[in-house]
Structure formats: C-alpha cells, structure tokens
Amino acid sequence: MTVKRMLCASDFSPASRPALRLAQELARILKAKLILFHAYEGSVPIGNGAYLPPSVLQQMWTATRETARRNLKRLARSPQGKGVRTSMLIAQGPAAAAIVHAAKKNRVDLVVVGTHGRTGVR
C-alpha cells in the first residue's frame, strides 16, 4: 500500500503530541503530504432558558477557528515537521465524525490520532 496523503488529528492536548511526531516522521519517510486537522464542537451548552444572540455565537466560533488555525500553524512549524509537505484543515462538528468525513473527502490513506489511554485501543 502506498501512502500519499496522511491526516493527523489534534485536539492540542499533550496526548496528541506523540501522534503528531509519529505522523511527521512517517510523512517524511514516505514522502507523503500531511494534513493537520482539528475539529471543534459547534454547540454551546446553555441552560435555564439562557440565550446567546447569533452574532455572539458567530464571534465565538470565529475565535475558536482562529485559535485552532494558530495552533495548527504552530504544530506545522515544529522541528519534526521540517521537510514535510503540510496543509491544515479545521472542521466544525463531533471529532470522530469530522475526522472520518475529512479523511474520505481528502482521499487520505492513513489517519493518525493520539489517545489519552483511558478507553479503547491500547
């Protein structure tokens, strides 16, 4: 199997750092393009009849996307990323579904994600 495109999903937590380093190393070795990916939830839990105007929600989501963009740029500039063809992608929605959608849409051959090690695959 030839790996031409990889996607590395990050939530910017310490648990995602080893996955990023592995993805960058593999991308360099395989000469693959690396898509750095982040998904954020688009809902804001508010209870007791509280209301946020749409303009405030839009400002919150814009700030969230901008922060994610800055964080992805920082990851792309990490020393391990030197010599790796990298692009960035940000999506709104539940992380698992957004990762699968982005991988399919971008015809990704390999997805790399970190884990906190609490459940699932060891």
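The values are calculated or read from the model by the stated rules, or taken from the named source; none is laboratory data. Quick caveat: nothing in here was measured; it's all calculated off a predicted structure. For neighbour counting, all protein chains shown are included, and Cβ atoms are generated from backbone atoms with ideal geometry for every residue, glycine included. Side chains are part of the model used for accessible areas, which takes the heavy atoms of the whole protein and leaves out ligands, DNA and RNA. Shrake-Rupley method; radii C 1.70, N 1.55, O 1.52, S 1.80 Å.
The set of residues in the stretch 41-61 that are of a type in the set (V, I, T) and open to solvent by 70 Å² or more (accessible area, probe 1.4 Å) contains only I46. From the list R17, R69, R21, R65, the lone residue that is of a type in the set (K, R), closer than 20 Å to H116 by Cβ and within 12 Å of the chain's Cα centre (by Cα) is R17. Does the stretch 1-40 hold any residues that are open to solvent by 90 Å² or more (accessible area, probe 1.4 Å) and assigned to a loop (DSSP other than H, G, I, E, B), and which are they? Of everything in the stretch 1-40, those that are open to solvent by 90 Å² or more (accessible area, probe 1.4 Å) and assigned to a loop (DSSP other than H, G, I, E, B) turn out to be M1, T2, K4, K31. Take Q80 and decide whether it is over 14 Å from G114 (Cα atoms), in contact (Cβ under 8 Å) with a residue 40 or more places away in the chain and either open to solvent by 50 Å² or more (accessible area, probe 1.4 Å) or part of a helix (DSSP H, G or I) (or both). In short, yes.
Residue-by-condition table, conditions (1) more than 15 Å from R5 (Cβ to Cβ); (2) touching a helix residue (DSSP H, G or I) at 6+ places or on another chain (Cβ under 9 Å); (3) not small (G, A, S):
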residue: Y40; (1), (2), (3): yes, yes, yes
residue: P53; (1), (2), (3): yes, no, yes
residue: Q58; (1), (2), (3): yes, no, yes
residue: R70; (1), (2), (3): yes, no, yes
residue: L75; (1), (2), (3): yes, yes, yes
residue: G83; (1), (2), (3): yes, yes, no
residue: K104; (1), (2), (3): no, no, yes
residue: V108; (1), (2), (3): no, yes, yes
residue: T115; (1), (2), (3): yes, yes, yes
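When T64, T115 are checked against the criterion of being touching a strand residue (DSSP E or B) at 6+ places or on another chain (Cβ under 6 Å), over 19 Å from L30 (Cβ atoms) and open to solvent by 50 Å² or more (accessible area, probe 1.4 Å), a single residue qualifies: T64.
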